[in-house]
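The values are calculated or read from the model by the stated rules, or taken from the named source; none is laboratory data. Predicted model only: the values in this text are computed from it and were never measured. Glycine also receives a Cβ, built like all others from the backbone with ideal geometry; neighbour counts cover every protein chain displayed.
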Amino acid sequence: MPDPFDNWIDKLFERWMGELTHQEVARALKALTRDYVQRRTRLRGKALEGRGKQAAFALYYAPRHFVIVREVLKALGAAAIGETPMPLVDLGCGSGVAGAAWALHSGGNVVGVELDPEILREAAFTFKDLGIRGGGVRCHLAKYRWPKPPVGVVAAFTINELDEKDREQVWRELEKQLRGGSRVLIIEPLATRIAPWWQDWAERIAAHGGRADEWHFDVDLPERVHLLGKSAGLKPEKLGARTLWA
Ligand SMILES: C[S@@+](CC[C@H](N)C(=O)[O-])C[C@H]1O[C@@H](n2cnc3c(N)ncnc32)[C@H](O)[C@@H]1O
């Protein structure tokens, strides 16, 4: 059996590199990083326009997000496979990597909730190529009909894309989940200006017995992912994030 992660990366590169060259994706990655990470355009808006940028997200940011979630779950000592598999909900799932990383760590099926149907198609590939049972729901997070707790809920690099009203709506649902015994993992970039609500949410999570952490990981990414980052002038060896976990 090939390693699910290696298989997923192979298939990703096969699919996207069929239509684009390394240089094209690296150029798009540079532009995406400038718009998305540095200017904080919302990903669901203009930042992801064009196949090059979609490829750049799929081939660079998605694997990074997967590795970050995997490492965070290990470091937090989240229940591993066989202990307590539970259904997993991935909010703003994009290509589904956060839910998928949790499913590989703990078992369980993934439901990805996502506004953008095109990215949701990527999530289907992610689940298939990682050998995970998962599916997508195309829906705005403020309108999502949440499952009955307990489940695992992950929101990776998503909450910062919501306006205050939707964010508060999601928080009310998260609180219901926490009261019902669900586990909640929220992940955002280290830069605090991106998430001015963070401190407030950290206090709310603490009130539910949870914790807030900052992480810096020293993990080798697959070589092709690393090289794309290098070609785009980024620092692919630096992996970090902040999390809320309850
Ligand atoms: C930065 S991406 C992160 C994707 C994925 N979680 C990851 O870690 O790679 C944020 C995702 O949230 C989705 N999103 C933003 N606002 C949303 C909303 N109101 N309802 C559903 N999805 C939303 C975007 O379409 C985008 O795919």
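Summary of computed values
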item: Pair list, Cβ under 6 Å, 6 or more apart: the range 54-75 residue closer than 20 Å to VAL153 by Cβ, other residue near the ligand (Cβ under 8 Å from one of its atoms) and part of a helix (DSSP H, G or I); result: ALA62/VAL97; HIS65/VAL97; PHE66/VAL97; VAL69/ALA98
item: Any chance GLU223 is out of contact with any Leu (no Cβ under 8 Å at 6 or more places or on another chain) and crowded, with 18+ Cβ neighbours inside 10 Å; result: no
item: Boolean, ARG204 is under 24 Å from ASP90 (Cβ atoms), surrounded by 12 or more Cβ atoms within 10 Å (Cβ to Cβ), basic (Lys, Arg) and under 19 Å from the mean Cα position of the chain (by Cα); result: no
item: Test: residue in the range 78-85 that is hydrophobic (A, V, I, L, M, F, W, C) and touching a strand residue (DSSP E or B) at 6+ places or on another chain (Cβ under 6 Å); result: no
item: Filter pass, LYS53 being modelled with pLDDT under 95, more than 8 Å from the ligand (Cβ to nearest atom) and crowded, with 22+ Cβ neighbours inside 10 Å; result: yes
item: Any hit, the range 224-244, residues being in contact (Cβ under 8 Å) with a residue 60 or more places away in the chain and more than 30 Å from PHE13 (Cα to Cα); result: yes
